[in-house]
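Student: Sharing a structure here in structure tokens format.
The values are calculated or read from the model by the stated rules, or taken from the named source; none is laboratory data. Nothing here was measured: the structure is a model prediction, and the numbers come from that model. With ideal geometry, Cβ positions are generated from the backbone for all residues, glycine too; neighbour counts draw on all protein chains shown. Note: accessible area is taken over every heavy atom of the protein model, side chains too, but ligands, DNA and RNA are not part of it. Shrake-Rupley method; radii C 1.70, N 1.55, O 1.52, S 1.80 Å.
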Amino acid sequence: MAQSEATKRANSEAQSPSSSIARFREDAPLHLDAGVSLSPFQIAYETYGELNEDKSNAILICHALTGDQYCASVQPITKKPGWWETLIGPGKPIDTERYFVICSNVLGGCLGTTGPASINEKTGKPYGLDFPIVTIADMVRAQSMLIDYLEIETLFAVIGGSMGGMQVLQWAASYPDRVFAAIPMATGARHTSQNIAFHEVGRQAIMADPNWHQGKYTDEGVVPSKGLAVARMTAHVTYLSEPALQRKFGRQLQDRENVSFGFDADFQIESYLRHQGSSFVDRFDANSYLYMTRAMDYFDMAEDNDGKLANAFSGTNTRFCLVSFSSDWLFSTAESREIVHALNATGASVSFVEIESDKGHDAFLLDEPEMVATVSGFLNSAAKARGI
Amino acid sequence: MTREQNDRIDLAVITSLVTENAKVLDIGCNDGTLLKMLENQKSVDGRGIELSQKGVNNCVALGLSVIQGNADHDLVYYPDKSFDFVIISQTIQATRNTKTVLEELLRIGKYCIVSAPNFGHWQMRAQLLVQGRMPVTKSLPYSWYDTPNIHFCTFADLKDLCHEVNAEIKSVHVLSDKGRDITKIAPKPLWNLLAQQSVLLLESKN
């Protein structure tokens, strides 16, 4: 498929985003886990609210796999409201009248932070597969450079769900003195075999698309839309739950009285998934999707710490609040409990609640009153302890 | 899970047993009442485990570090002697493997405080003897079929279990149905009859 207007817009956001940009030149290379350095590079970020005088009220929001820095403002490509406006905004639990909220596009992303869709200064072409493999720890290392750039010593809180939650955990492990409070939601300290399996299906779908061209599709003026859409469709199913699908779609037919005895989108669920797939390709880069999923697959905090997860957090003074959702089968409550047990073993200050919800993994993005109450209560008390 | 919102006279007794600035783990901490009391009066570093989502949310909103969990499953993850006091108040009778739980509490805490209702109280005995039915009282208001209390014991039974798990009973407080500490008033042989509940301070002999 040739590049659509939306794809062109997405490309332009990847190079020169609507957000603020922090640029790191040759004198500030980013050292990656893969053993190479990335330089120069840039980080695109959004901020909300004001940093207070003693710089003690900064909250970093970490976005999920296909999220972006527009957590509480309109996304420039889709024109949709921020993805976490249930939690972030004036008077909301993450109160932008009280806190200075920062959200950056992750390393390897496609909304303005350097990633495979960015132009490689050495070749004048998009990196594509020449972009080095990045890890969750690399993403966090880049974020810490952004926090340095903003001249903030300690973050009041780091908050995120799913892949964002992995970053929160990594922040607490890599920079314990820079994180006062941490809220990892719907996440795990490692990617499970099942999760890797689903990601692999998605990657294979992208790479099987003839328009992928070994990652050089931009040079060819095309987009591997079909493959990326299938990857999104598969992944989207993992974000929901069987009861939620049944409640929302059941076996209802799409704009028809009877099945067509063919392979049209007879069922509403098929039509819904096709829409999810096709709208996703307008705003996301296929290569970036490969890199993001790989970063999650490689995440295993226990393995990075001699097989003991507790070692990742030993001696931590960070206050943790973990949240899981009862119907989330992608990052189940058991995954959160493992982290809680490791934190207990280190004597860390940790709260944990499993929210009853049938909305699956995506529940962390939705208006779940108990989740909102938990985040609000935890942050308020932490703010009191920090004197904000 | 089984705590009443009022009439929690044992909480004051427990608070008096905890030392200043101690590190405390409260098993079955409900809405955080005791942990908050301990924070305010003894400046403890408190943690809690609670089964209900509502209770945990309450605690988190109060600024307490509480995890949603279960005494039967989650204690094993705590290191030896990682707390000065481990408290289980009005909850031990609702655990499944009560003996194991008590052993775990003694392992995790330097001291362990147990408060439990006494099924040997004369009102209980009278109800069973006269009416021939499972007792239902103000402090234990559940019918037999909907009670979360699956392992009832008398004060005497509880002491036996303490001996069995090799716990030294450092101090005993027996409380009457009026909420008075009758340890110093009533003769020892009558405690099992007059105590509506008891609070024991334990230390492992192991």
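Student: What FRET efficiency comes out for the pair A:GLU5/B:SER43, r = Cβ-Cβ distance, R0 = 45 Å, nearest 0.05?
Tutor: 0.10
Student: Which longest uninterrupted range of chain B lacks any GluC sites (Glu not before Pro) assigned by DSSP to a loop state (not H, G, I, E or B) and surrounded by at most 16 other Cβ atoms within 10 Å?
Tutor: For GluC sites (Glu not before Pro) (loop position, at most 16 other Cβ atoms within 10 Å), the longest site-free span of chain B is B:21-206.
Student: Tell me, which cysteines of the protein assembly as shown are without a disulfide-compatible partner by the Cβ under 4.7 Å rule?
Tutor: Among the cysteines of the protein assembly as shown, those whose Cβ sits 4.7 Å or more from every other are A:CYS62, A:CYS110, A:CYS321, B:CYS29, B:CYS59, B:CYS112, B:CYS153, B:CYS162.
Student: Considering only protein heavy atoms and a probe of 1.4 Å, how much of the accessible area of chain A is carbon and sulfur, as a whole percent?
Tutor: That fraction is 50 percent.
Student: Right, another one. Which shape class applies to chain A: rounded if a/c is under 1.5, otherwise prolate when a/b exceeds b/c and oblate if not, where a ≥ b ≥ c are the square roots of the Cα gyration tensor eigenvalues?
Tutor: oblate
Student: Under 18 Å from the 7 Å Cα→Cβ point of A:GLU53, by amide nitrogen: which residues of the range A:167-200?
Tutor: Of the residues in the range A:167-200, none has backbone N under 18 Å from the label point off A:GLU53.
Student: Could you check the spin-label model distance between A:ARG274 and A:LYS216? Points 7 Å from the Cα along Cα→Cβ, value in nm.
Tutor: Result for the modelled spin labels: 3.4 nm.
Student: Report the trypsin sites (Lys or Arg not before Pro) located in the range A:212-297 that are in a DSSP loop and have at most 13 other Cβ atoms inside 10 Å of their Cβ, or state none.
Tutor: The qualifying sites are A:ARG251, A:ARG256.
Student: Please give me, ordered by residue number, the trypsin sites (Lys or Arg not before Pro) of the range B:81-139 that lie in loop per DSSP and have at most 10 other Cβ atoms within 10 Å.
Tutor: Taking the range B:81-139 and a limit of 10 other Cβ atoms within 10 Å, the loop trypsin sites (Lys or Arg not before Pro) found are B:ARG133, B:LYS138.
Student: Go ahead and run the numbers for FRET between B:ALA12 and B:HIS163, Cβ-Cβ distance against an R0 of 22 Å, rounding to 0.05.
Tutor: Approximately 0.20, to the nearest 0.05.
Student: Loop sites only, by DSSP: take the chymotrypsin sites (Phe, Trp or Tyr not before Pro) in chain B that have at most 12 other C-beta atoms within 10 Å and name the longest stretch containing none of them. Walk me through the numbers on the way to the answer.
Tutor: On the way: sites that count: B:TRP144, B:TYR145.
That gives B:1-143 as the longest site-free run.
Student: Another question, then. For A:GLU151 and A:SER16 in the same chain, what is the full-extension length gain: residue separation times 0.36 nm, less their Cα-Cα distance, in nm?
Tutor: 46.3 nm
Student: I would also like to ask the following. Can you give the mean number of other chain Cβ atoms that lie within 10 Å of the Cβ atoms in peptide B:73-83?
Tutor: 3
Student: Kindly point out which whole DSSP H helices in chain A project their C-alpha atoms 24 angstrom or further along the helix axis while averaging a Kyte-Doolittle hydropathy of 0.0 or above.
Tutor: A:369-386
Student: Moving to a separate point now. Using r as the Cβ-Cβ distance of B:LEU190 and B:ASP80, and R0 as 60 Å, what FRET efficiency do you calculate, to the nearest 0.05?
Tutor: Numbers: r = 38 Å, r/R0 = 0.63.
With a Förster radius of 60 Å, E is 0.95.
Student: Taking the simple approach of a point 7 Å from Cα along Cα-to-Cβ for both A:ALA334 and A:LEU129, what is their distance in nm?
Tutor: 3.6 nm
Student: Please identify the longest segment of chain A free of exposed chymotrypsin sites (Phe, Trp or Tyr not before Pro), where exposed means a DSSP state other than H, G, I, E or B and no more than 13 other Cβ atoms within 10 Å.
Tutor: A:1-260
Student: Return the sequence-ordered ³J(HN,Hα) values of the range B:186-193 in whole Hz as given by the Karplus equation 6.51 cos²θ - 1.76 cosθ + 1.60 applied to θ = phi - 60°, using x for Gly and Pro.
Tutor: 7, x, 3, x, 8, 4, 5, 8
Student: While we're here: Work out how much length B:GLN131 to B:TYR145 would gain on full extension: take 0.36 nm times their residue separation and subtract the Cα-Cα distance, in nm to one decimal.
Tutor: 3.3 nm
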